[in-house]
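S.K.: Next up is a structure, given as structure tokens.
The values are calculated or read from the model by the stated rules, or taken from the named source; none is laboratory data. Being a predicted model, the structure only gives us computed values, none of them experimental. Don't worry about glycine lacking a Cβ; one is built from the backbone with ideal geometry, like all the others, and counts go over all protein chains shown. The accessibility values were calculated without ligands, DNA or RNA, using every heavy atom of the protein model including side chains. Shrake-Rupley method; radii C 1.70, N 1.55, O 1.52, S 1.80 Å.
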Amino acid sequence: MRIKVLGCSGGVGPGLRTTSLLLDDEILIDAGTGVGDLTLAQQQRIRHVLLTHAHLDHVCGLAFMADNLFDLIEAPIGVHASRETLQTLRQHIFNWEIWPDFSRLPDEESPLLRWHELAMEEVIELGERRITPFRVLHTVPANGYVIDGRHGTFAFTGDTYADDVLWTFLNRLPRLDKLMIEIAFPDHEAALGHASKHFTPALLGGELRKLDHRPKLYLTHHKPGTEAQIERECRQALRGYDYVHLKRGDTISLS
Ligand SMILES: [Zn+2]
Ligand SMILES: [Zn+2]
């Protein structure tokens, strides 16, 4: 299994794309602006989309991809998300006003998108892949995903904030080899981080002491323009941890 990072920035700009991960060419985890770099043929290969939450930087690519594929695919694309996230998408985006309801097009029998509600902490199996959603704290209902690879376990938190529920869940995993987690703001914007439920370097460094595992960290979602400062602050806050600042185009191997 292999994850390609299509986008992992907290915003857009030259070379920057918002959150979207491509797992083995046929599963998208979040559908931010990174989806726009896939060719039409690559988009046609997507069979499932797993969403962490309904914020635009994580779902806008789904709207455009659905429109692109309208008359090109034969089987529906499964869109997997929590009940709350699906409800928001259907009510506020795929509502015939902002965008067509592609779960009823071309027809209700064989639509382009098919919604699948996730139960937290219940494994879903997509081919050989075992993926488990888990609840995280953000300003809207949000979840992350654990993916079990043949030789290790990877967890992606999505957008999240300091919350013992996260660490309790991760500590219950038998192993955790790789953890993709966000830092959106530098330390001087901790108040903004608190209001918008995003991590800062010092806060994440403190919270990680609650994690019993010692995974490699993949840091994401830095707001455009703050990257260098966040990197400087992480050298102090995450001293001793094995970590990288993830970039668009990077790959994470899970096998
Ligand atoms: Zn968000
Ligand atoms: Zn986000």
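S.K.: Have a look at the DSSP beta bridges in region 2-253 and tell me what percent are antiparallel, nearest 5.
M.R.: Percent antiparallel among DSSP bridges in region 2-253 is about 55.
S.K.: Follow-up question, since we're still on this one. Taking a ≥ b ≥ c as the square roots of the eigenvalues of the Cα gyration tensor of region 55-135, is the shape rounded (a/c under 1.5), prolate (a/b larger than b/c) or oblate?
M.R.: Oblate shape, in that a/c is at least 1.5 and b/c is the bigger or equal ratio.
S.K.: Computing the accessible area with a 1.4 Å probe over protein heavy atoms, can you report the carbon and sulfur percentage for the chain? Working shown, then result.
M.R.: Details: 5570 of 11290 Å².
Carbon-and-sulfur percentage of accessible area, whole number: 49.
S.K.: Here's a follow-up. If I take R0 = 45 Å and measure r between the Cβ atoms of N171 and S110 in this structure, what FRET efficiency does the formula 1/(1 + (r/R0)^6) give, to the nearest 0.05?
M.R.: Details: r = 43 Å, r/R0 = 0.96.
E(calc), rounded to 0.05, equals 0.55.
S.K.: Quick one: length gained pulling S255 to L40 fully straight, 0.36 nm per residue minus the C-alpha distance?
M.R.: 74.7 nm
S.K.: Go ahead and run the numbers for FRET between L56 and R2, Cβ-Cβ distance against an R0 of 22 Å, rounding to 0.05. Don't skip to the answer; put the middle values down first.
M.R.: Details: r = 27 Å, r/R0 = 1.23.
In this case the efficiency is close to 0.20.
S.K.: Which one, G205, I73, P224, projects farthest toward the positive side of the charge dipole computed for the chain from Cβ point charges (K/R +1, D/E -1)?
M.R.: Value: G205.
S.K.: Please compute the net charge surrounding T18, taking Lys and Arg as +1 and Asp and Glu as -1 over other residues with Cβ under 13 Å from its Cβ. Don't skip to the end; give the middle numbers.
M.R.: Details: positive: R17, K223, R248; negative: D30, D37, D57, D159, E182.
Net local charge, T18 excluded: -2.
S.K.: Now a separate question. Could you pull the accessible area for I230 with a 1.4 Å probe, rounded to 10 Å²?
M.R.: The value for I230 is about 0 Å².
S.K.: Okay, next question. Under a Cβ-only charge scheme (Lys and Arg +1, Asp and Glu -1), can you give me the dipole magnitude of region 2-253 about the Cα centre, in debye to the nearest 20? Mind showing how you got there, number by number?
M.R.: Values: 27 positive and 35 negative charges, 189 e Å.
Value, rounded to 20: 900 debye.
S.K.: Would you compute, for the Cα atoms of the chain, the largest minus smallest coordinate along each principal axis and list the three values in descending order, in whole Å?
M.R.: The principal-axis extents, from largest down, are 54, 36, 30 Å.
S.K.: Assuming 0.36 nm per residue, please report the length gained on full extension of the stretch E231 to S196 beyond their Cα-Cα distance.
M.R.: Contour length minus the Cα-Cα distance gives 10.5 nm.
S.K.: So between K216 and D71, what do we pick up on full extension, going 0.36 nm a residue minus the alpha carbon distance? Mind dumping the intermediate values first?
M.R.: Numbers: separation 145, 0.36 × 145 = 52.20 nm, distance 4.18 nm.
Contour length minus the Cα-Cα distance gives 48.0 nm.
S.K.: Using a probe radius of 1.4 Å on heavy atoms only, what accessible surface per residue do you get for the chain? Whole Å² is fine.
M.R.: So the chain comes to 44 Å² accessible per residue, rounded to a whole number.
S.K.: Sticking with this structure for a sec: Relative contact order (percent) for the chain, with alpha-carbon contacts under 8 angstrom and 6 or more residues of separation? Each step should come with its number before you reach the end.
M.R.: Values: 575 pairs, mean separation 47.9, N = 255.
Worked out over the chain, it gives 19 percent.
S.K.: Oh, and also: For region 142-255, what are the per-bin percents of Cα-Cα distances with bins 10 Å wide, up to the bin holding the maximum?
M.R.: With 10 Å bins starting at 0, P(r) equals 14, 49, 32, 5, 0.
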